[in-house]
Structure formats: C-alpha cells, structure tokens
Amino acid sequence: PRRVRVQHLREAKDAGRRLTMLTAYDAPTARIFDEAGVDMLLVGDSIGDNMLGHDSTIPVTMDELVPAVRAVSRASRRALVVADLPFGSYEASPQQAHAAAVRMLKEGGANAVKIEGGRRIAAHVELLSGAGIPVVGHLGLTPQAENMLGGKRVQGRGADAADALLADAVALAEAGAVAIVLEMIPEQLAQRVTDRLAIPTIGIGAGNACDGQVLVWLDMAGMGDWSPRFAKQFGAVGAALSQATSDYVDAVRSGTFPGPEHTFTS
Ligand code: KIV
Ligand code: NA
C-alpha cells in the first residue's frame, strides 16, 4: 500500500474523507492498526501513563520515546507516523524543537512530529516546516500543561477562550502546520476551527465536526482499567487478555499444557 503523505491529509479534508488516527507504541500493535487502515499512527507521549506506569505525560523523555517511534515506523507500511515531542524537549526555542524533531525523523523514522501549544510555538512550527519536518499542532486540553490547566477539563468554553483557541489554530496553520489535534473542546468550537482552516482538524473529545478522530488505542480497544468519557470502547482486549492469561496459568498448574502437539520427542 502507498504511504499516506501530508499532502493526502488536505486532500482528504477537501474530499470530505474522514481521517483516522490511533496511538501506537510498539511494533505488534502498529502492524495491526496499519493493516486495519488507520491513516496516521501517533507515537504519543501518552506512552507515559498508558505503557510506562507513570500517571501523566510529564516524565516521558526523548530516550524513552525514540525507540517506540522506531518500532512503530518499522512495523507500519501505509500509515503516516507522527511522533510527539515530549515535555521539555521543544518549548524553550525553535532550535530546541528542531533538534528534538530531527531525532524523531533520523533515529525514529517518523514522518512528522506533534507539539502542544498555539501562538507561543508558531515560530517553532515555522522553523520545522521550513526545514522539511511536517508538524501536527495540538490545542485545547494539552496534557503537558496539566499543572497550569488544573487537570483534565474541557478547554475553550466561553467566548474569550474560544476566540483565543481559534487565533492559536490560525497561527499554527499560517506557520505551516499540516493538521491540528483538538482535545476536549466543545463541538461548536471544533466546528468553527474546522470551517476556518484549510488543514484538517483531528478531534479527541471534540465532537463529530472535526475532519478526523484520534484515540489512545488502549481506550479504543478496551485495554486498561479506566477510559475518559469521550472514548468509546470498540473491543474488550483487556478482558480477552486476562482470560487467556488465567487459562494459561490453570493449564500449567493442572498439567494439561503442554500437550503432545507442543512436545518434541527424541
Ligand atoms: O499522546 C497522545 O496520545 C496524544 C493524543 C491524545 C492526541 O497526544
Ligand atoms: Na500527546
């Protein structure tokens, strides 16, 4: 299959084809998602709270994320691979962002990077775009700013907050962003941003008016013990894995595994 390219994102928006994005953090899941036709695989810093046992994305480092990006890039053939730049790796300057993004492409094999923030990182987006690094923006609830935002709450409510978010989105688009993730904002605001921009919006907890949707795969598949209200569980992977594991434990304890078909003889 032909690799999804950044040009296809805008084509999809123009054609009214909804885009699909899912997080992935390793090769076996990336392969499944890629073969199922997911357009974009996001190696998110949500690896922190979903895979590495942290309770937020704040502690995630480049050295933790780069190998995950490499695994996802190797395992996917069609999907556009987007690597999050983790907290602390890009905010200080466009140059800092460039150094981190270059690692994601050179060492990780990513096709694009995602960074959180609006007007304050427009210069970063412009430098990266000019250097040949596609950037996906991220507005609304930006989890790396949870200490400022006061937890995971809906953003962009009220006229002033909505206007500010729209201005941020326009600034990112003008700086060259190829798409923007909108997280936990009212559907009406997501609609406004989507109508205003030529680049696609990818929603998560932002209603059904966006050009595409993204979910953390564990939330999508029913893996893990908690998922946010805006996520829908399309499967029960956690329950299936739990059942398989207790069946295995029982089979070993009772002596029914391994059987003759699993056994070598001399
Ligand atoms: O890290 C992540 O999973 C994300 C998505 C929620 C958009 O940034
Ligand atoms: Na993220």
Exposed chymotrypsin sites (Phe, Trp or Tyr not before Pro) absent: longest stretch of the chain, with sites in DSSP loops and at most 16 other Cβ within 10 Å deemed exposed: 1-225
List nothing, just return the count: lysine pairs in the chain, 8 or more apart or interchain, with Cα separation under 20 Å. 4
Please identify the DSSP H helices in the chain that span no less than 15 Å along the helix axis (Cα) and have a mean Kyte-Doolittle hydropathy of 0.0 or more. 62-75, 159-175, 237-254
Restricting things to alpha carbons, tell me how big the chain is in terms of Rg and Dmax, in Å. 19.9, 78
Potential lengthening between Asp63 and Gln96 on full extension [0.36 nm per residue; Cα-Cα distance subtracted]: 10.3 nm
Hey, rough spin-label estimate for Asp26 and Val170, points 7 angstrom out along Cα→Cβ, what's it come to in nanometres? 4.5 nm
Let me know the shape class of the range 30-116, please: from the alpha-carbon gyration tensor, a ≥ b ≥ c as square roots of the eigenvalues, rounded when a/c is under 1.5, otherwise prolate if a/b is greater than b/c, or oblate. oblate
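No value in this document is a laboratory result; all are computed from the given coordinates. Fair warning: this is a prediction, and the values are worked out from it, not measured in the lab. Backbone-built Cβ (ideal geometry, glycine too); neighbour counts: all protein chains shown.
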